[in-house]
Amino acid sequence: MVAAGAWVLTAALPLAAHAQSQESPYRVGVLALGSAASSAADVQALRDELARLGYSERRNLVLAFRFADERADNLPVLAADLVRLQVDAIVTISTAAAQAAKLATTSIPIVMAGSANPVRLGLVASLAHPGFNVTGVTNNPGPEIILKQLQLLKQASPTISRVAMITMRDPVEDAAFASIEQNGTQLGVVPIAVVFDR
């Protein structure tokens, strides 16, 4: 997930620092909802992919990490801190981090390394044309994609009448399931939610 975000980030860096001298490194803020420990795999994937693309912390890159330790109320302060540091770009790990970064700046490029429902939440104008100063990848574009998947499943196996959706208690997941419930009947499919708590 973060590797794709790193690829998008490499496109944003030259645009973000077009007047920057060749000698000064790019400064990238990383804003995560989780802790340093829980975000370790994502952080390593980001470092590895940036290194593969020619960005090294020893040479031309400075990474500034801010972890909210699973407290979403910490994110606005941490995002504002990255803006004060005048980083060239901000990589966000989680939808909540992307929302906090977007509220903190309208000029620094923000790269989402995974998000949920970015159009409905106002993070981007559309998936095809994000607009604003936010781009990146999403692991859940919204309920519409789930409905499309359900349609494809029904085409592949027309006799299917019940489909289980493994979900968690979350507003985005709830909206996705509600959308399937509303539209499943026209496809002749009864959705069943299998809910687990984190």
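The values are calculated or read from the model by the stated rules, or taken from the named source; none is laboratory data. None of these values were measured; they are calculated from a predicted model. A quick note on method: Cβ atoms are made from the backbone with ideal geometry, for glycine too, and the neighbour counts reach across all protein chains shown. Side chains included, ligands, DNA and RNA excluded: accessible areas come from the protein's heavy atoms. Shrake-Rupley method; radii C 1.70, N 1.55, O 1.52, S 1.80 Å.
For this structure, a couple of remarks:
- As a summary of the residue check, Ser35 satisfies the conditions (1) of a type outside the set (A, V, I, L, M); (2) surrounded by 15 or more Cβ atoms within 10 Å (Cβ to Cβ); (3) within 18 Å of the chain's Cα centre (by Cα) except for the one numbered (2).
- If you check Gly131, Gly136, Gly122 for being outside any loop (DSSP other than H, G, I, E, B) and at positive phi, only one passes: Gly136.
- The residues of the stretch 76-89 that are within 19 Å of Thr135 (Cα to Cα), in contact with a Lys or Arg (Cβ under 9 Å, 6 or more places away or on another chain) and not in a loop (DSSP other than H, G, I, E, B), listed by number, are Ala79, Leu82, Ala89.
- Within the stretch 69-82, residues that are closer than 13 Å to Leu103 by Cβ and at pLDDT below 95 have Cβ atoms under 6 Å from residues that are among the polar types (S, T, N, Q) and open to solvent by less than 30 Å² (accessible area, probe 1.4 Å) in no pair, counting only partners at least 6 apart in sequence or on another chain.
- Test: residue in the stretch 103-118 that is open to solvent by less than 60 Å² (accessible area, probe 1.4 Å), modelled with pLDDT of 95 or more, under 13 Å from Tyr26 (Cα atoms) and in a loop (DSSP other than H, G, I, E, B): yes
- Among residues of the stretch 38-60, those that are in a loop (DSSP other than H, G, I, E, B), under 28 Å from Glu70 (Cβ atoms) and open to solvent by 30 Å² or more (accessible area, probe 1.4 Å), counted: 2
- Taken residue by residue, the stretch 157-168 has no member that is open to solvent by 30 Å² or more (accessible area, probe 1.4 Å) and on the phi > 0 side of the Ramachandran plot.
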